[in-house]
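Accompanying notes for the structure given below.
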Amino acid sequence: MVKEEKPVPLRRSSRVNVRIPVWVSGTYPDGKKFTENTFIVTISKYGARVKTEQPLKVGMQVKVEPHRRHQAGLFKVVWTGQPGTAREGAAGIEYVQVSNLLGVAFPE
(Lines give C-alpha, C1' and ligand atoms only; values in the text may rest on other atoms or scores of the structure.)
Protein backbone atom coordinates (compact mmCIF):
# COMPACT_ATOMS: atom_id res chain seq x y z
CA MET A 1 0.00 0.00 0.00
CA VAL A 2 1.40 3.37 -1.07
CA LYS A 3 1.09 6.19 1.41
CA GLU A 4 0.22 9.54 -0.17
CA GLU A 5 2.16 12.50 1.11
CA LYS A 6 0.55 15.90 1.31
CA PRO A 7 2.52 18.75 -0.25
CA VAL A 8 4.31 21.01 2.18
CA PRO A 9 2.73 24.48 2.22
CA LEU A 10 5.04 27.19 0.92
CA ARG A 11 3.53 29.91 3.09
CA ARG A 12 3.37 30.18 6.87
CA SER A 13 0.01 31.97 6.71
CA SER A 14 -2.77 32.68 4.26
CA ARG A 15 -2.79 36.02 2.43
CA VAL A 16 -5.59 38.57 2.29
CA ASN A 17 -5.79 41.15 -0.51
CA VAL A 18 -6.50 44.60 0.91
CA ARG A 19 -5.90 48.27 0.26
CA ILE A 20 -4.90 49.84 3.57
CA PRO A 21 -3.58 53.43 3.40
CA VAL A 22 -0.37 53.76 5.43
CA TRP A 23 2.64 55.95 6.01
CA VAL A 24 5.93 54.10 5.62
CA SER A 25 9.05 55.71 7.03
CA GLY A 26 12.62 54.76 7.70
CA THR A 27 16.26 55.61 7.31
CA TYR A 28 18.57 54.52 4.49
CA PRO A 29 22.04 53.16 5.30
CA ASP A 30 23.51 56.58 4.35
CA GLY A 31 21.39 58.24 7.08
CA LYS A 32 18.83 59.83 4.75
CA LYS A 33 15.30 59.63 6.18
CA PHE A 34 12.12 59.11 4.15
CA THR A 35 8.36 59.06 4.64
CA GLU A 36 5.92 57.87 2.00
CA ASN A 37 2.13 57.97 1.89
CA THR A 38 1.23 54.65 0.23
CA PHE A 39 -0.78 51.47 0.84
CA ILE A 40 -0.58 47.83 1.88
CA VAL A 41 -1.92 45.50 -0.83
CA THR A 42 -1.63 42.07 0.83
CA ILE A 43 -1.38 41.05 4.47
CA SER A 44 -0.68 37.84 6.34
CA LYS A 45 -0.22 36.91 9.97
CA TYR A 46 3.51 37.65 9.69
CA GLY A 47 3.73 40.65 7.39
CA ALA A 48 2.52 42.44 4.30
CA ARG A 49 3.26 43.58 0.77
CA VAL A 50 3.51 47.32 0.39
CA LYS A 51 3.52 49.42 -2.79
CA THR A 52 6.40 51.85 -2.66
CA GLU A 53 8.38 54.32 -4.71
CA GLN A 54 11.25 54.12 -2.25
CA PRO A 55 14.35 52.09 -3.14
CA LEU A 56 14.04 49.83 -0.10
CA LYS A 57 16.76 47.28 0.59
CA VAL A 58 16.38 43.79 2.04
CA GLY A 59 17.20 43.91 5.75
CA MET A 60 16.11 47.54 6.27
CA GLN A 61 13.66 48.26 9.05
CA VAL A 62 10.67 50.48 8.29
CA LYS A 63 7.91 51.93 10.41
CA VAL A 64 4.36 51.45 9.13
CA GLU A 65 1.47 53.54 10.44
CA PRO A 66 -2.07 52.95 9.14
CA HIS A 67 -3.97 56.20 8.50
CA ARG A 68 -6.94 55.16 10.66
CA ARG A 69 -4.88 54.13 13.67
CA HIS A 70 -2.54 56.26 15.69
CA GLN A 71 0.02 53.58 16.34
CA ALA A 72 2.87 52.28 14.25
CA GLY A 73 4.61 48.95 13.88
CA LEU A 74 8.17 48.06 13.03
CA PHE A 75 8.79 45.82 10.00
CA LYS A 76 11.83 44.34 8.26
CA VAL A 77 12.09 44.35 4.45
CA VAL A 78 12.40 40.71 3.31
CA TRP A 79 12.15 41.13 -0.49
CA THR A 80 11.85 43.87 -3.08
CA GLY A 81 10.29 43.75 -6.53
CA GLN A 82 12.69 43.79 -9.43
CA PRO A 83 12.22 46.32 -12.25
CA GLY A 84 10.40 44.85 -15.24
CA THR A 85 8.59 42.19 -13.19
CA ALA A 86 5.06 41.94 -11.78
CA ARG A 87 6.51 42.80 -8.35
CA GLU A 88 8.10 46.07 -9.51
CA GLY A 89 7.24 48.84 -7.04
CA ALA A 90 6.42 46.43 -4.22
CA ALA A 91 8.24 45.16 -1.15
CA GLY A 92 7.59 42.30 1.23
CA ILE A 93 7.77 43.37 4.85
CA GLU A 94 7.67 41.17 7.94
CA TYR A 95 6.65 42.19 11.45
CA VAL A 96 9.63 42.59 13.77
CA GLN A 97 7.14 41.67 16.51
CA VAL A 98 3.89 39.99 15.37
CA SER A 99 0.85 42.14 16.12
CA ASN A 100 -2.58 43.01 14.77
CA LEU A 101 -1.52 46.50 13.67
CA LEU A 102 -3.25 46.25 10.30
CA GLY A 103 -6.61 45.20 11.78
CA VAL A 104 -6.97 41.62 10.50
CA ALA A 105 -6.80 38.77 13.02
CA PHE A 106 -5.42 35.45 11.76
CA PRO A 107 -6.10 32.16 13.54
CA GLU A 108 -3.29 30.53 15.50
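The values are calculated or read from the model by the stated rules, or taken from the named source; none is laboratory data. Keep in mind it's a predicted model, so treat the numbers as computed, not measured. Backbone-built Cβ (ideal geometry, glycine too); neighbour counts: all protein chains shown.
Quick check on segment 83-100: of everything there that is touching a residue at least 12 places away in the same chain (Cβ under 8 Å) and part of a loop (DSSP other than H, G, I, E, B), which residue is nearest to Gly26 (Cα to Cα)?
Quick first cut of segment 83-100, residues touching a residue at least 12 places away in the same chain (Cβ under 8 Å) only: 89-99.
If we keep only those that are part of a loop (DSSP other than H, G, I, E, B) as well, we get 89, 96-99.
Values: Gly89: 17, Val96: 14, Gln97: 17, Val98: 19, Ser99: 19 Å.
Here the residue is Val96.
Say we look at segment 20-59 and pick out the residues that are among the aliphatic types (A, V, I, L, M) and within 11 Å of Gly92 (Cα to Cα); which of these is modelled with the lowest pLDDT?
In the first step, residues of segment 20-59 are kept if they are among the aliphatic types (A, V, I, L, M); the result is 20, 22, 24, 40-41, 43, 48, 50, 56, 58.
Next, only the ones that are within 11 Å of Gly92 (Cα to Cα) stay: 40-41, 43, 48, 50, 56, 58.
Values: Ile40: 94, Val41: 94, Ile43: 89, Ala48: 92, Val50: 96, Leu56: 94, Val58: 95.
Filtering segment 20-59 for residues that are among the aliphatic types (A, V, I, L, M) and within 11 Å of Gly92 (Cα to Cα), the one modelled with the lowest pLDDT comes out as Ile43.
What do you reckon, is Ala91 out of contact with any helix residue (DSSP H, G or I) (no Cβ under 6 Å at 6 or more places or on another chain) and surrounded by fewer than 19 Cβ atoms within 10 Å (Cβ to Cβ)?
No, not satisfied.
Out of the residues in segment 1-19 meeting the condition of being assigned to a strand (DSSP E or B) and surrounded by 10 or more Cβ atoms within 10 Å (Cβ to Cβ), tell me which one is modelled with the lowest pLDDT. Break it down stepwise before answering.
Kept after step one, since they are assigned to a strand (DSSP E or B), are these residues of segment 1-19: 16-19.
Now drop any that are not surrounded by 10 or more Cβ atoms within 10 Å (Cβ to Cβ), which leaves 16, 18.
Working: Val16: 78, Val18: 87.
By that ranking, first place goes to Val16.
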